[in-house]
Amino acid sequence: MSQAPGNLFILAAPSGAGKSSLIKALLERHADSSMHSNQMQVSVSHTTRAPRPGEKDGVHYHFVSKEAFEALIDKGVFFEWAEVFGNYYGTSRVVIEETLQRGIDVFLDIDWQGARQVKAQIPDTATIFVAPPSKNELLRRLTARNQDSDAIIKQRMEKAVGEISHYHEFDFIVINDNFDAALEELDSIVSARRLRKEKQIIRHEELFDNLLAK
């Protein structure tokens, strides 16, 4: 069986919709399966914001200064980058390309602007928008995290409207009302992308040669 390149997935959503939790749960599910072990990972982005409680450098983000980030922009390191709430976020082009070539699926947790930039460069990218079931539920989730001030939560709720207005640009939409159901839908999208003709032909070239041999 030959090794097909990995799939690139983008998950975007307003803050609090649950996309990071869905990605984490998906990776944990596949890590328990020998069939999919070590075949998917989340891209670790660079950011200039300060670490939140429990976050580790190199695991959740590469935390860098504004000056260091701007130097990386000048070097063309990033696939995409954006400024959100006064902080920079960016995704390394080289790391993603090398990971995909090893047959590993990569997940990007970025906003609609980043999704648009990456999709323009790699049209085969699967873009997924995760939406909350209601504004009230989104507000409840943001408040329950106990990580942001009331002013920041108000900003995030206002920004959510702008994020959601771009839902139609994505290939897939998952409504995160019931977490388990949303996780199943996300897993189905991953399976469908892996089973596309282009991937299967590469993986099973020898099989089809044998099946068609006279």
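Each reported figure results from applying straightforward, stated rules to the coordinates on display, with no laboratory input. The model shown is predicted, which means the values in this text are computed figures rather than measured ones. Note that each Cβ is placed from the backbone with ideal geometry, even for glycine, and that neighbours are counted across all protein chains shown.
Here are some notes:
- For Val84, residues with placed amide H under 5 Å, excluding near neighbours: Tyr89
- Spin-label model, Asn178/Lys154: points 7 Å from Cα along the beta carbon direction are separated by 3.7 nm.
- For the stretch 181-214 and the stretch 105-150, distance of Cα centres in Å: 27
- Taking label positions 7 Å along the Cα-Cβ direction at both Gln147 and Glu97, the computed distance is 3.1 nm, reported to one decimal.
- The 3J(HN,Hα) values that the Karplus relation (6.51, -1.76, 1.60; θ = phi - 60°) gives for the stretch 194-206 are, in residue order, 5, 9, 4, 3, 4, 6, 5, 4, 5, 5, 10, 4, 5 Hz. Gly and Pro appear as x.
- Neighbour-limited loop hits for trypsin sites (Lys or Arg not before Pro), the stretch 75-157 (at most 16 other Cβ within 10 Å; DSSP other than H, G, I, E, B): Lys75, Arg102, Arg145
- Euclidean distance of C-alpha centroids, the stretch 71-87 and the stretch 1-27, integer Å: 21
- Among (i) 20.1; (ii) 17.3; (iii) 18.6, the entry derived from the coordinates for Kirkwood radius over Cα pairs in Å: (iii)
- Percent of beta bridges antiparallel (DSSP, the stretch 45-175, rounded to nearest 5): 55
- For the stretch 3-13, backbone phi angles converted through the Karplus equation (6.51, -1.76, 1.60; θ = phi - 60°) give residue-by-residue couplings of 8, 7, x, x, 9, 9, 10, 10, 10, 10, 5 Hz, Gly and Pro being listed as x.
- Residues whose amide H falls under 5 Å from that of Phe79, counting only those 5 or more places apart or on a different chain, are Thr91, Ser92, Arg93, with hydrogens built in the peptide plane.
- For Ile175, distant residues with modelled amide H under 5 Å away: Ala131
- Rounded to the nearest 500, the 222 nm mean residue ellipticity of the chain from helices alone is -13500 deg cm²/dmol, with -39,500 (n - 2.57) taken per DSSP H run of at least 4 residues.
- Here each label is just a point 7 Å from Cα along the line to Cβ, and for Glu169 and Phe85 those points are 2.0 nm apart.
- Hz values of 3J(HN,Hα) by residue in the stretch 86-91 - Karplus curve (6.51, -1.76, 1.60), Gly and Pro given as x: x, 10, 8, 9, x, 10
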